[in-house]
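Before any comments, here is the structure.
The values are calculated or read from the model by the stated rules, or taken from the named source; none is laboratory data. These numbers come from a predicted model, not from an experiment. No Cβ is skipped: glycine too gets one built from the backbone with ideal geometry, and neighbour counts run over all protein chains shown. What goes into the accessible areas is simple: the full protein's heavy atoms, side chains included, and nothing from ligands, DNA or RNA. Shrake-Rupley method; radii C 1.70, N 1.55, O 1.52, S 1.80 Å.
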Amino acid sequence: MKRISLLYRMSLVLALVAGLTYNNRVSAQELSYYLPDSVTYAPDVPKPEDVIYHHVGEYHVTHDRLVNYMKALAAAVPSRIKLETMGLTYEDRPQVLLIITSPKNQQRLEEIRQQHLLLSDPSKSASVDIENMPIVVYIGHSIHGNEPSGANAALLSAYYLAAAQGKQIDDLLEHVVILFDPSFNPDGLQRFSTWANQHKSKNLVSDPNSREFNEVWPGGRFNHYWFDLNRDWLPAVHVESQNRLQWFHKWKPNILTDHHEQGSNATFFFQPGVPSRVNPLTPEKNQELTAKLAKYHAQFLDRIGSLYFTKENYDDFYYGKGSTYPDINGAIGILFEQASSRGHLQQTANGLLSFPFTIRNQFTTTLSTLEGAKNLRKEFLQWQRDFYKNSLADAATYPVKAYVFGDAKDKAKTFHFTEMLRRHQIDVYALGSNLSVSGNSFEKGNSYVVPMNQPQYKVIRAIFDKTLTYKDSIFYDITAWTMPLAFGLPYAELNATQFNPALLGEKTDKVSFPAGEVNGGKSNIGYLMEWDELYAPAAANELLTAGVNLKVSGVKFTIPVAQGTRDFDFGTILVPMQMQRTDGQKVYDLLQQMAKKYGVHINAVPTGNVQSGSDLGSAKFTPLVKPSVAMIVGQGVNATDAGELWHLLDQRMNIPATHLEIPVFNRAELGRYNTIIMVGGTYTDMNKDKLKAWVQGGGTLILMEEAITWSAQNGISSVTFKKAKSPVDSSSMIAYTEREQIDGAQQIYGAVFGADVDRTNPLAYGYHQDVVSLFKANKVFMEKSKNPYATPFYYGPKALQSGWVSRENLDVIKNSAAVIVNTVGNGRVINISDNPNFRAFWLGGSKLMLNAIFFGRVIDPASGRTED
């Protein structure tokens, strides 16, 4: 013990010496610490400290000061820099992009852009002369707000590119057009910089236990809605991603860099990643060029003595990340991961790690990228041309010739899916004639066709492909994301026999949100709103908020309407006019507003007498109560899960939800809420007795993922669980080096499963397919309820639709419950084993989530009927 203590003291002394060296060597973080001395710098160009009021690395730059400096550079050196505003974040912070190149190139910038775009058009690219064409490089920083060395390095990179003088910089700018994005995530960067700066001491504290290094929930990693924007390049749900993608495709860069941070005890990572975890859609040439560029990173980091590693930990599989999305767009994505100081100076396993040191590495690899891009310019340009030419050749031999999709009953989801395709420059055509294929019927006017024979062939496959075979069983992120399944849209592959050009109607350049309507004029009996459309819950909530009484149908029925006799499904919303406190004209006007705003279809009825089913005055039509929702948030709660639900309710459905932290929940009066939601996470400090009493009093508790386990363990719900078998026999002797592979294979990184659905259950209202695709990324395996009516969603024997899952986990998922409803006193507990709101693009699960909110209290699992 004495020896260990002595070694520990020696390490502290060495750390202190290193700290003193740090303070003496870098002191006020002078620019000379970072910048190369091989060039001179124009004295009239403002230095970072002239605008941001501190030296680089002395504090964490706030987003507003970062933008101010970029504006100052653009004003000071307009011959080299053009500043564009791509758009605004949710918190209305500007997303700026600097276009940096030589004065000569700036004068013909649009001509260069148009010429460059021709490389991605196989019908024109062959004639493009690349001999003197500049390469286009997108430099992006800190998509995770609490990985700030990238955005802080942007100050240095921008200054260098603006102020450096001489043949070296002139040659670089003559041959490279730089799209310079100083902050991928402005809202997150602002949140984290405020945290780090407000906890900085004059005498820097390096103890990792200090508050400076331990953010409060949800932390600065995410955007406003607690989303990881580095998973949103492909879904493009968020405004930040949408704004950025417009400029990505406006230029189609050859290289995109993505500057991140990793654990503090690491060094520096740059790609290539793990070879066996490269998505098979990524061509081998992509990895060859990545490796060639890597030599420049190694060379530049060697110059400053920084250690690094490659081909470990990180992969190139999910195309929703900044370092992989370019790989299916004729470019090379490069991931940089710097060990994070998190604050200003932190003790790590490798000694003291200073914030300036992390910034210098990021800046250095920006320089290495630009040097490599300049020297490999023609090879990268040729690769872009070849990539799109090869894509058409691959499409010609691929057995799928087109995809058809569309849902006549949910035009809004069809709209959003089409909108997403168009963001990726995918050609989409209206369906030219009605089509029946693979058990689905697609209507002209409500369906679209995506032919494979187009330049964005690789992106189409990344969106539509199902994957069930893999080279590896360990992944950095999810293993499947088949987008039409995620959206819950009917779709089908068309082979050479099924596809013909006559199916291609008008090309769709811009899609419009579907128009809703109120059919049949005014009625003194009532109106019927179908629940199929995505935004029907938003319309219902707004009507309830306005004081309009609504009922929901627990039966199918047929009734006359203006267009003739119509069939209406379970979940149809009735607006009974004689039960309203509001004037009939006002109700009618409000319904018209809702139809237009949310794209829903509403039918006036001339009678309450149905031709089949139950009359409109039947008790089968149950009154609805306006949801009053609280979501538990804070320490222990999965922030992204919570953010996905917040986004669904706030951005899509216009439903306000209270965010209750656990200490507030424990002291709050809960009578104002009729619905409480707990997403995945741990809830150790929550008052379980108070929660159970609230449910018993008539509340609806919605649990997801690990919250189900917590609830069952604490006697709130009555769910039992299945357990996967171990992949190894306990008596076996296995090499220690096999542990990572064996244990890693048992993780569920994320796969798509089809749940069989009882469409008569209120939780399934609005669905018109018998299988609903859900995303599973946990080990919550629920046994089916012994009550035959209480498991409305379950996984059958062949549930896996796409993705990797071990044999042991697949066996336990088979015949397990996806959703269970428990009665607890007068209340309900709705257990959803997975996350139906995954990354906000899983619109196929939105209806389940909203049904739980709107109809949870009308479910009677004891009898399988809705309560009268």
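Within the range 836-854, the set of residues being more than 18 Å from Gly320 (Cα to Cα), of a type outside the set (Ser, Thr, Tyr) and open to solvent by less than 10 Å² (accessible area, probe 1.4 Å) comprises Pro836, Gly844, Gly845, Leu848, Met849, Leu850, Asn851, Ala852, Ile853, Phe854. For the range 139-209, the helices (runs of 4 or more DSSP H) that sit wholly inside it and include 3 or more residues that are closer than 22 Å to Trp251 by Cα are 149-163, 167-175.
Restricting the range 161-200 to residues that are open to solvent by less than 10 Å² (accessible area, probe 1.4 Å) and of a type in the set (Ser, Thr, Tyr), the residue that is nearest to the chain's Cα centre (by Cα) is Ser183. For Ser206, indicate whether it is polar (S, T, N, Q) and farther than 22 Å from Tyr476 by Cβ. Yes: the conditions hold for Ser206. With respect to Asn24, determine if the residue is open to solvent by 10 Å² or more (accessible area, probe 1.4 Å), of a type in the set (S, T, N, Q), farther than 19 Å from His199 by Cβ and modelled with pLDDT of 95 or more. No, not satisfied.
Against the condition of a type outside the set (Gly, Ala, Ser), in a strand (DSSP E or B) and open to solvent by 20 Å² or more (accessible area, probe 1.4 Å), how does Thr658 come out, does it pass? Yes: the conditions hold for Thr658.
Taken over the range 405-440, residues that are of a type in the set (A, V, I, L, M, F, W, C), closer than 25 Å to Lys847 by Cα and part of a loop (DSSP other than H, G, I, E, B) amount to 1. What helices (runs of 4 or more DSSP H) lie completely within the range 49-117 and have 3 or more residues being among the polar types (S, T, N, Q) and under 26 Å from Val128 (Cα atoms)? Because the criterion is at least 3 residues that are among the polar types (S, T, N, Q) and under 26 Å from Val128 (Cα atoms), the helices (runs of 4 or more DSSP H) in the range 49-117 that meet it are 103-107. Could you please let me know if Tyr314 is surrounded by 16 or more Cβ atoms within 10 Å (Cβ to Cβ), modelled with pLDDT of 95 or more and out of contact with any Cys (no Cβ under 7 Å at 6 or more places or on another chain)? When the stated conditions are applied, Tyr314 does not pass them. Of the residues making up the range 844-852, not a single one is under 21 Å from Ser711 (Cα atoms), of a type in the set (Gly, Ala, Ser) and out of contact with any helix residue (DSSP H, G or I) (no Cβ under 8 Å at 6 or more places or on another chain). If the condition is being at pLDDT 95 or above and among the aliphatic types (A, V, I, L, M), then the range 443-479 contributes Val449, Val450, Met452, Val459, Ile460, Ala462, Ile463.
Taking the range 61-114 as the range and being without any contact (Cβ under 8 Å) to a residue 24 or more places away in the chain and either in contact with an Asp or Glu (Cβ under 7 Å, 6 or more places away or on another chain) or of a type in the set (Asp, Glu) (or both) as the test, the residues that pass are Asp92, Glu110, Glu111. Looking only at the range 423-453, filter to residues that are open to solvent by less than 30 Å² (accessible area, probe 1.4 Å) and closer than 22 Å to Gln242 by Cα; which one of those is nearest to the chain's Cα centre (by Cα)? Once the filter is applied, the top-ranked residue is His424. From the set of residues in the range 349-404 that are aromatic (Phe, Trp, Tyr) and not in a helix (DSSP H, G or I), which is least open to solvent (accessible area, probe 1.4 Å)? So, considering only residues that are aromatic (Phe, Trp, Tyr) and not in a helix (DSSP H, G or I), the one least open to solvent (accessible area, probe 1.4 Å) is Tyr403. When Leu810 is tested against (1) over 18 Å from Ala486 (Cα atoms); (2) in a helix (DSSP H, G or I); (3) in contact (Cβ under 8 Å) with a residue 24 or more places away in the chain, just one condition goes unmet, and that condition is (3).
Taking first residues from the range 671-686 that are open to solvent by 60 Å² or more (accessible area, probe 1.4 Å) and partners that are part of a loop (DSSP other than H, G, I, E, B) and modelled with pLDDT of 95 or more, the Cβ contacts under 6 Å between residues at least 6 apart in sequence or on separate chains come to Thr682/Gly636. Looking across the range 738-777, the residues that are of a type in the set (D, E, K, R) and under 18 Å from Tyr789 (Cβ atoms) come down to Asp756, Asp758, Arg759, Asp770.
Exactly one residue out of Phe855, Phe838 is aromatic (Phe, Trp, Tyr) and within 21 Å of the chain's Cα centre (by Cα): that is Phe838.
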